[in-house]
Structures are given as structure tokens and as C-alpha cells.
Amino acid sequence: MYFTVYPPNGRVRVSAPRRFDDEAVRKAVTAKLPWIKRQQAKFEGWEKLPPLEYVSGENHYFQGQRYLLNVIYHDGPPNVVIHNNATLDLYVRIGSDAEKRERALITWYRQQLKEAIPPLIAKWETIIGEEVAEWGVKRMKTRWGSCNIKARRIWLNLELIKKPGCCLEYIIVHEMVHLLERLHNDRFVTYMDEFMPQWRRCQDELSKAPLAYAHLGY
């Protein structure tokens, strides 16, 4: 049985094998209640950030680190440069509004994530013994990733580029393990423990972020 607590309000999802009846699920949830409450308590302390306007002085995240955004208007194409390991210099055309500034930053995020994914997939194909036929990046509201088992295709959430590197690797492993086991059952957890013993720590990292930046669960 697999439990997930979703931020920001602590919604709980239970994935149970079909052989479990309602009473068995109820007992399992009751036994897991202390853990569920601990996870929900984490969200109560999250910092609630105002809506992003993509202006200088805002905090933005990249690979688990917080950066100060510095918007620079110029005549060239949009670009992002990390400055002094503390600032994201966002270069945009003169007159760019908030939507265009956001688009420029998201484009850069997408490029960075697409560069990080291929070597990780190649690494874990060797370890897990399964091949990914196709992968992609998109913005998802309720999932960090997904796997189409028949097509052997995985999707990864763009928000992962804001998280520490272990989070991206964990989600890639998670989705690839679905090529071995479709359900979130004991067999699935056994595979995760075998291939990536530290996966629970990485899963916890996914919940550690200001509220405006973390609104998903897994």
C-alpha cells in the first residue's frame, strides 16, 4: 500500500492493491495516521509567498538553491545568466511585460532540465535494465512525473529543475520502475529500495519549499 500526502493542504492519497477491501484499507490508514499527521504538519510551516511578477528582487529557485532575480533590459534576445552563484540575471527585450519575462525564464528552465535528463536516463537504464523509448518535459499541476508503460514514455514536471538534483533523479527512477511494476504496491517499493535505497530522503526533499514554488505531491 502506498501513501502520498499532497501539499499545500495535506490531502492524502492511498494506492492499494485490488485484493484489499475497504476494511483493510481503513485499518492501514489508521496505522499510518501518525506518519500522515507528521507530513501534514510540515506544510503548516511553509512560507507563503506572494504571486510572482518576475521583477528584480524576487526569489527564484534553481536546482535547490534560491537566487535573487535581476531583470536586465536590452536589445538582444532573452537569456539567463547565473551571477556570483547568487543572482539570476534575466535578460529581456526593452518593454517586456511580466508575461514575457516569465516566458523567458521558463524557456531557460526548460533548456536546463532537458540537458540534465538524458545522462540520468542512460544511467538508470543500465541499472534497472529497462529502456525509455521517449521522454518529455511539461508543466503538470498534480504530478512530478508520469509513465505510459505501453509506449515506454515518461513525462517529467518542469518544476523539478527548481529542486535539488536528487529529486529529479528520484522521479526518473520512480517512473522507470513503473516499467517493471505498474502499481504502487509492495513489489514497487521493493524495487525502489533495491535500486535507490535513499529514495525516501529524495521524496522528502520534494516537500521542502516555499508554498508558491511547491504545490505538488508524489
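Picking from E115, E99, E134, which residue would you name as being loosely packed, with under 15 Cβ neighbours inside 10 Å and touching a strand residue (DSSP E or B) at 6+ places or on another chain (Cβ under 6 Å)? First the steps, then the outcome.
Working: E115 fails: touching a strand residue (DSSP E or B) at 6+ places or on another chain (Cβ under 6 Å); E99 fails: touching a strand residue (DSSP E or B) at 6+ places or on another chain (Cβ under 6 Å).
Just a single option satisfies the conditions, and that option is E134.
When region 104-120 is examined, which residues are found to be hydrophobic (A, V, I, L, M, F, W, C) and out of contact with any helix residue (DSSP H, G or I) (no Cβ under 6 Å at 6 or more places or on another chain)? The answer is A104, L105, I106, W108, A116, I117. Just a yes or no: is a residue in region 47-63 within 19 Å of C167 (Cβ to Cβ), modelled with pLDDT of 90 or more and assigned to a loop (DSSP other than H, G, I, E, B)? Checked region 47-63: at least one residue is within 19 Å of C167 (Cβ to Cβ), modelled with pLDDT of 90 or more and assigned to a loop (DSSP other than H, G, I, E, B). In region 8-35, the residues that are under 16 Å from F188 (Cα atoms) reach residues that are surrounded by 11 or more Cβ atoms within 10 Å (Cβ to Cβ) with C-beta atoms within less than 6 angstrom, at least six apart or across chains, in these pairs: V14/F3; S15/Y2; S15/H184; A16/M1; A16/V25; P17/N185.
For E131, the conditions (1) of a type in the set (D, E, K, R); (2) touching a Lys or Arg at 6+ places or on another chain (Cβ under 8 Å); (3) outside any loop (DSSP other than H, G, I, E, B) all hold with the exception of (3). Set side by side, the residues R143, R66 differ, and just one is of a type in the set (K, R), under 22 Å from the mean Cα position of the chain (by Cα) and part of a strand (DSSP E or B), which is R66.
Among the criteria (1) without any contact (Cβ under 8 Å) to a residue 12 or more places away in the chain; (2) in a loop (DSSP other than H, G, I, E, B), the one K123 does not fulfil is (2).
For region 148-218, list the helices (runs of 4 or more DSSP H) that sit wholly inside it and hold at least 1 residues that are at pLDDT 95 or above and polar (S, T, N, Q); which are they?
Working: elements: 165-177, 186-195, 199-205.
Result: 186-195.
If you go through region 69-102 one residue at a time, how many are in a helix (DSSP H, G or I) and either without any contact (Cβ under 8 Å) to a residue 24 or more places away in the chain or touching a Leu at 6+ places or on another chain (Cβ under 7 Å) (or both)?
Filtering region 69-102 for residues in a helix (DSSP H, G or I) gives 98-102.
If we keep only those that are either without any contact (Cβ under 8 Å) to a residue 24 or more places away in the chain or touching a Leu at 6+ places or on another chain (Cβ under 7 Å) (or both) too, we end up with 99-101.
Total meeting the criteria: 3.
The values are calculated or read from the model by the stated rules, or taken from the named source; none is laboratory data. In this text, all values refer to a predicted model and were calculated from it rather than measured experimentally. Counting neighbours? That spans all protein chains shown, and the Cβs are built from the backbone with ideal geometry, glycine included.
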